[in-house]
Amino acid sequence: MIDLSGNGLTTLEPLSSIKHLVKLNASNNKLTKMLDFAPPASLEWIDLSENQITCIENVHQNMYLRHLYLDRNQISKIENLDQNKHLCVLSLNSNKISKVENIDEMHLEELYLSDNNLTKITGLTQLPNLRTLDLSRNQITFLRGLENIESLRFLNLSLNKVSKILQLRYIELLNFLTELDLSFNPIQGRKMYAIQVLYHIPHLRMLDGCEI
């Protein structure tokens, strides 16, 4: 692993000579492009969080890439990941994404999209291995779009705008869902809120960070 985090780097070009790089941490720098060098195909883990990156690019040849962290950048669109079929963890917290797209038929197990500009849940119908989904700190009102994620275990929807108990119908048939966070949504103010949630999803083990 090469750790270059916490510097003032504006380029990663000198890394071109490293042919067998597996893990790269270049977080907290001043990079404006993801990988501005010829990254080796062996890369499995990349952390480019806390930079000034505006688009996802230059990872098409990294067929073994499994972990990609791009938190706290300026990315507005999920794109150019169609060749990364083995990607398991994708983290895009604190960016400018307004739509979930272009991740169909991937092997994602964890997807983090907290603190973006999402108002609707889209693009998640063909993720057969997704277990963890973080959509907290967005502007989501409706839960339609979650009903087909049959493998989902942990769902974070805190700090959104979900207000109606009826929206739970979109997740009540997710049999593996054991942890749900709806804290700081208007729905918490509903009468007998917790009991109503458990009526719809009796197999929950954690609700809003508390054990059932």
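What follows draws every value from the coordinates through simple rules; no lab data is involved. This is a predicted model, so every value here is computed, not measured. Virtual Cβ from ideal backbone geometry, glycine too; neighbours counted across all protein chains shown.
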Using the Karplus curve 6.51 cos²θ - 1.76 cosθ + 1.60 with θ = phi - 60°, work out ³J(HN,Hα) for each residue of the range 139-145 in order, rounded to whole Hz, and write x for Gly and Pro. 10, 7, 10, 10, 9, 4, x
Going down the list 30/77; 23/120; 19/99, which pairs span over 26 Å between their C-alpha atoms? 23/120; 19/99
Along the dipole axis of the chain (charges at Cβ: +1 for Lys and Arg, -1 for Asp and Glu; origin at the Cα centre), the most positive-end residue among 108, 83, 155 is 155
I need the shape label for the range 84-204. Rule: rounded when a/c is under 1.5, else prolate if a/b > b/c, else oblate, with a, b, c from the alpha carbon gyration tensor. oblate
Within a Gaussian network of the chain (alpha carbon springs, distance under 10 Å), most fluctuating of 52, 61, 74: 61
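What FRET efficiency comes out for the pair residue 193/residue 98, r = Cβ-Cβ distance, R0 = 30 Å, nearest 0.05? Present the calculation step by step, with values, prior to reporting the outcome.
Details: r = 29 Å, r/R0 = 0.97.
Efficiency, from the Cβ-Cβ distance: 0.55.
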Which of 13, 110, 50 fluctuates most in a GNM of the chain (C-alpha springs under 10 Å)? That residue is 13
Counting pairs of alpha carbon atoms under 8 Å apart in space and at least six apart in sequence, what relative contact order in percent does the range 100-212 give? 20
For n ≥ 4 DSSP H runs only, could you compute -39500 (n - 2.57) per run for the chain, divide by its residues and tell me the 222 nm figure to the nearest 500? -1000 deg cm²/dmol
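Please compute the length gained on full extension between residue 139 and residue 2, using 0.36 nm multiplied by the number of residues separating them and subtracting their Cα-Cα distance. Each step should come with its number before you reach the end.
Details: separation 137, 0.36 × 137 = 49.32 nm, distance 3.69 nm.
Stretched fully, the residue 139-residue 2 segment lengthens by 45.6 nm.
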Is the chain rounded, prolate or oblate when judged by the Cα gyration tensor, a ≥ b ≥ c being the square roots of its eigenvalues, rounded requiring a/c under 1.5 and prolate requiring a/b larger than b/c? prolate
Taking the chain and dividing mean pair separation by its residue count, relative contact order in percent (alpha carbons under 8 Å, at least six apart): 10
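Sort 3, 36, 47 so the one with the fewest other Cβ atoms within 10 Å of its own Cβ comes first.
Details: 3 12, 36 16, 47 21.
With the sparsest Cβ surroundings first, the list reads 3, 36, 47.
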